[in-house]
Amino acid sequence: MKSGKGRIMGLFFKRKELGEELDCGHGMGAVNPFRWAILALLFCQTFFSYLDNQVLSVLAPVLREEFGMSNTSYSNILNCFLLAYTVMYVVGGRVMDKIGARAGMAIAGLFAATAGLLHSRVNSVIGLGFCRFLRATGEGPVSPGCAKTVSEWFPVKERGFATSVWLTGATVGATIAPVVVVWLYKMMGWRYTFLMTGVTGYLWVALWLGMKGKWPKEILARKKTEHHPIKHLFLHRGIWGVMMLRFFLDPVWFFYIFWLPNYLVNDKGLSVVTAGMLAWIPFLAADAGTLMGGSIASWLQHRGWSVNRSIKSVMALSAFMMMVGTAVPFLAVTWQYIAAMCVSIVGMQMLGANNHVIPTHLFPSSSVGTVAGIAGGCAGIGSMLLTRFVGVSVDMTDSYIPVFCVVGLFYPVMLLVALSVVGKIKQLTLYGEDGVDVLKA
């Protein structure tokens, strides 16, 4: 009869294989110096993704006039994107675990880039909606792929910072997109704007695949024994907490993305031009919050704090910072409500940076993509529900006060509840193919 250690054949590798002495995620034997080049490529991927996504938002007035789109038609196009994004977040995460992050990210990048190019050829609302659906199909797997890559390349104490870096690509992309997109539109028109942002996707894939020689053999040589049945993941409390965190956090981000300019114009009485001059400030704050969240947690870990204590402390502080957003509708002075938004968004992004890194600590790299994908699906569902609530609530009350109360109070409280559901943040104990001891973390 084999010993307990000898019987372990499932998802969670032996400590030696996990590179315990170096605190690494995939037994690379030594911390690979090229991990920073890989991280730079992850940053570029999320940056270009959000830059491409904002093309539609920035050029919406132009496209609506050209295609004669109503508000309903435009919302349907947005829903095409969100639907595919939600589904592919889940499916894509599992695919990343099956074929590996290197191949998975390349395929997703090619698909998204091709869909971006197709936007330049559309001549109807249906065609535009179809292209957005295709774009989201390729983009959905990117976040779980980034999380998986970080778990493979970075030791535990660096994962918080690394996660903050690739997440910052999204916030930086959202910050500068209006300027870049307007410039491209004025220079070449909307069709070539979509064309140019699509081409950047192909360039990224070329750079990503060009790094093949730098990938450790331990990461590229994947084994079927590393893959774990999804049903076993749901036996661990951590995945339920991770799902809750994403369900209640991501909708807040999309609230600010989708509704901030509209709120500044319709509720605060600003002109469209003035709103445009101010709307970038909270997203600049989001850049700082994203970097701060993971960096502070990593700094605390280097000073001797445990992974569990450092991450939960930063996330708890961040949740309280989000509550400052409840003051926004009650403030009349511009700098005051913009500052309140910034504090709230900084807290949201600090929490989000640590939220994305939790799966890399709870689960080995062979399951990180799957877990991140499942959590991302929950985020998509929550975002669609909150978006619907905002529209109905504002129509019924003609006020954003109920919305900011929900976003600023209910959601942060639920995030704190979700942290308790996660339990202690540490690597799960190893277990066999029969799933015995899967609940013992």
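The values are calculated or read from the model by the stated rules, or taken from the named source; none is laboratory data. These numbers come from a predicted model, not from an experiment. When we count neighbours, we look across all protein chains shown, and the Cβ atoms used for this are built from the backbone with ideal geometry, even at glycine.
Some notes on this structure:
- Qualifying residue in region 78-93 (condition: small (G, A, S) and more than 20 Å from F194 (Cα to Cα)): yes
- Among residues that are more than 30 Å from F255 (Cβ to Cβ), modelled with pLDDT of 80 or more and either of a type in the set (S, T, Y) or surrounded by 15 or more Cβ atoms within 10 Å (Cβ to Cβ) (or both), I8 is not included.
- Residue within region 421-440 that is modelled with pLDDT of 85 or more, within 30 Å of Y337 (Cα to Cα) and surrounded by 18 or more Cβ atoms within 10 Å (Cβ to Cβ) present: no
- Cβ pairs under 9 Å, 6+ apart, first in region 116-140 and farther than 15 Å from M69 by Cα and assigned to a helix (DSSP H, G or I), second at pLDDT below 90 and of a type in the set (D, E): G116/D52; H119/D52; R135/D52; E139/D52
- Here G145, G109, G116, G129 are screened, and the one residue that is modelled with pLDDT under 90, small (G, A, S), over 13 Å from the mean Cα position of the chain (by Cα) and closer than 18 Å to F47 by Cβ is G116.
- Residue match in region 176-199 (condition: assigned to a helix (DSSP H, G or I), among the charged types (D, E, K, R) and either closer than 30 Å to P33 by Cα or at pLDDT below 85 (or both)): yes
- Which listed residue is touching a residue at least 40 places away in the same chain (Cβ under 8 Å), over 17 Å from N53 (Cα atoms), under 16 Å from the mean Cα position of the chain (by Cα) and surrounded by fewer than 20 Cβ atoms within 10 Å (Cβ to Cβ), from V150, V91: V91
- Residues in region 257-307 that are within 24 Å of V390 (Cβ to Cβ), at pLDDT 80 or above and over 26 Å from the mean Cα position of the chain (by Cα): 3 in all.
- Listed by first and then second residue, the pairs with beta-carbon distance under 9 Å, at least 6 apart or on different chains, first residue in region 244-271 and hydrophobic (A, V, I, L, M, F, W, C), second surrounded by fewer than 20 Cβ atoms within 10 Å (Cβ to Cβ) and not in a helix (DSSP H, G or I), are L264/L270; V265/S271.
- Residue in region 96-103 that is in contact (Cβ under 8 Å) with a residue 24 or more places away in the chain and in a loop (DSSP other than H, G, I, E, B) present: yes
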